[in-house]
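Here the structure comes first, spelled out in structure tokens, and everything after it is commentary.
No lab work stands behind these numbers, since they all come straight from the coordinates. Model, not experiment: these values are computed from the prediction. Note: ideal-geometry Cβ built from the backbone for every residue, glycine included; neighbour counts use all protein chains shown.
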Amino acid sequence: MSVRKRQWKTRLGEDKEAWIVDYVDGEGARHIKTFDRKKEADAYHATVTVDVSKGTHTPAHRSLTVAEAAEVWIKRVEADGRERSTTRQYRQHVNLHINPRLGATKIANVNVPRVEAFRDSLLDPEKGLSRPMARKVLTSLKSLLKSVGHAHVGAGVSIKRDKRKRKLEIGRDIPTPQEVKRLIEAATRPRDRALLLTVALMGLRASEIRGLAWRYVGLPAGELHVRQRADRFNVIGPPKSEASTRDLPIPPETLHALKVWKLECPPNEEDLVFPTSTGNIEHHSNMLRSLAPVLVDAGLVDGAGEPKYALHAFRHFYASWCINPRSRGGRQLPPKEVQELMGHSSIVMTLDLYGHLFPRSDDTAELAAASRALFA
């Protein structure tokens with residue numbers, strides 16, 4: 001195998017040069033690949049040398065296209081038992097963003113500059129993609145490349161998180177304690193009251209609420225067990241992650257509301273706590289719609305008179321309630337315990353979302369002592 005420079009003159013007398021990677025594959029066939037820059041040729045030479053020695057190299061003429069590799073990747077994801085909503089999201093990334101840009105390209109011809117160009121096109125303001133969505137699509141492409149042994153070309157290409165992303169704010173993104181109190185007072189129907197108290201004082205995800213079964217609600221013991229959820233297609237399955245499987249103490253007010261609601265809850269095959277009136281799994285949008293009048297009655301509306309908060313905002317409230325100091329009516333729990341109660345997969349996620357809400361110690365005295373020591 002070798003890398004060499006090739007120089008020649010065009011018919012018009014122009015001087016041209018290129019860098020050639022000349023190699024023999026594992027089957028003894030010779031291949032030549034041309035690059036404009038030596039840096040690219042050296043990188044390809046290093047990669048192909050390793051691949052040939054491992055027996056994993058595929059010449060460009062026998063390589064799958066990106067579109068073909070995408071089908072292989074998605075089928076593998078489905079075979080691994082990933083949720084239907086996840087595979088649907090991946091397929092959308094492929095159909096809407098990956099195939100239109102790279103679908104006809106051979107995997108063997110996908111290099112770092114092409115992945116970088118793909119990333120840059122996703123970030124083009126005229127394409128209308130948000131930065132978080134662009135990050136997700138790029139991650140899908142990198143997963144696709146990894147599935148066919150071509151991960152190295154995307155390893156160093158990334159989209160950084162937007163450091164200007166605003167933090168969750170009490171009263172804008174998170175209901176205040178006074179707003180939650182008004183909301184609970186406005187919830188006169190047993191179902192609404194039980195639902196709102198469960199999400200606000202226990203922090204369940206909407207999917208966990210929709211999939212919650214009575215057998216996991218220990219009314220005498222006052223403990224709720226998160227063991228399943230309903231996905232966006234109304235399919236009951238395991239929780240979102242291993243950390244999402246958790247046991248939560250039920251506050252007295254929530255326990256009483258659940259006991260009252262159980263007397264009126266429609267019977268249903270899945271034994272659901274919050275089914276539809278006909279005993280089926282409730283759609284997320286319908287659950288939100290059913291609570292809209294309660295938010296309006298409580299005065300929790302925006303300038304247009306629409307409900308101010310979505311259901312997930314009350315999960316945020318639960319986190320803030322767990323974090324707030326006892327002097328402000330909170331539980332004042334340490335970050336690790338908040339992580340476990342929220343069902344987050346890592347404490348990094350908890351601190352990224354809610355780190356700014358944790359109370360800071362009064363360091364006035366410490367600052368004064370340090371400054372005096374500095375100038376003593």
(i) 29.6, 95; (ii) 21.5, 73; (iii) 28.4, 92, with the label sought being that of the calculated Rg and Dmax of the Cα atoms in Å:
(iii)
Which distance in nm do the two modelled labels at Arg131 and Leu288 give, with both placed 7 Å along the Cα-to-Cβ direction?
2.4 nm
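Can you give the relative contact order of the chain as a percent, counting alpha carbon pairs under 8 Å and 6+ residues apart? The partial results should precede the final answer.
Values: 471 pairs, mean separation 41.5, N = 376.
It rounds to 11 percent for the chain.
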For Lys160, Lys33, Lys5, what's the fewest-to-most ordering of other Cβ within 10 Å of each Cβ?
Lys160, Lys5, Lys33
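Treat the count of other C-beta atoms within 10 Å as a stand-in for reagent exposure and order Cys265, Cys322 from fewest to most. It would help to have the intermediate numbers written out before the result.
Numbers: Cys265 19, Cys322 22.
Lowest to highest Cβ neighbour count: Cys265, Cys322.
Using R₀ = 56 Å, calculate the FRET efficiency as 1/(1 + (r/R₀)^6) where r is the Cβ-Cβ separation of Asp124 and Lys262; round to 0.05. Numbers along the way, then the final one.
Details: r = 54 Å, r/R0 = 0.96.
So, using R0 = 56 Å, E works out to roughly 0.55.
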In region 1-24, whose amide N lies under 15 Å from the spot 7 Å out along Cα-to-Cβ of Ser53? List them in ranges.
1-2, 24
Beyond 26 Å between alpha-carbons counts as too far, so tell me which of Lys5/Lys142; Lys75/Lys106; Lys5/Lys146; Lys106/Lys142; Lys106/Lys146; Lys33/Lys75 fall in that bin.
Lys5/Lys142; Lys5/Lys146; Lys33/Lys75
Round to a whole angstrom and tell me the spacing of the C-alpha centers of region 270-305 and region 1-76.
58 Å
What does the extension gain come out to for Trp214 and Lys16, with contour length at 0.36 nm per residue minus their alpha carbon separation?
63.7 nm
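May I ask you to work out the translational diffusion coefficient for region 83-153 at 25 °C, viscosity 0.890 mPa s, via Stokes-Einstein with Rh from the Kirkwood sum over Cα pairs, reported in whole µm²/s? Display every interim value, and only then the final one.
Values: Rh = 12.5 Å.
In µm²/s, the coefficient rounds to 196.
What FRET efficiency, computed as 1/(1 + (r/R0)^6) with R0 = 41 Å and r the Cβ-Cβ distance, is obtained for Ser277 and Ala79, rounded to the nearest 0.05? Spell out each step's value before the answer.
Numbers: r = 38 Å, r/R0 = 0.93.
Step by step, r from the Cβ atoms, then E = 0.60.
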Label Glu340 and Val296 with points 7 Å out from Cα along Cα→Cβ: what is the distance between them in nm?
4.3 nm
Would you kindly state how much longer the chain becomes between Glu223 and Arg331 on full extension, computed as 0.36 nm times their sequence separation minus their alpha carbon distance, in nm to one decimal?
37.1 nm
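Multiplying the sequence separation of Val3 and Ala117 by 0.36 nm and subtracting their Cα-Cα distance, what value in nm do you get?
Working: separation 114, 0.36 × 114 = 41.04 nm, distance 2.50 nm.
Result: 38.5 nm gained on full extension.
Two decimals is fine: what's Rg over Rh for region 12-136, C-alpha atoms, Kirkwood radius as Rh?
Values: Rg = 17.9 Å, Rh = 17.0 Å.
Over the Cα atoms of region 12-136, Rg/Rh equals 1.05.
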Run down the lysines and flag those whose C-alpha is under 26 Å from the C-alpha of Lys336, throwing out any fewer than 8 positions away in its chain.
Lys163, Lys165, Lys167, Lys240
State, to one decimal in nm, how far the label point of Ala369 lies from the label point of Leu64, with both points 7 Å from Cα in the Cβ direction.
6.4 nm
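With each run of n ≥ 4 DSSP H residues scored as -39500 (n - 2.57), what mean residue ellipticity at 222 nm is computed for the chain after dividing by its residue count and rounding to the nearest 500 deg cm²/dmol? If you can, show how the numbers build up before the last one.
On the way: 15 runs with 167 residues, N = 376.
Only helices count here, giving -13500 deg cm²/dmol.
Please arrange Thr49, Thr65 by counting, for each residue, the other beta carbons lying within 10 Å of its beta carbon, fewest first. Provide the component values of the computation, followed by the final result.
On the way: Thr49 14, Thr65 18.
In increasing order of surrounding Cβ atoms, one gets Thr49, Thr65.
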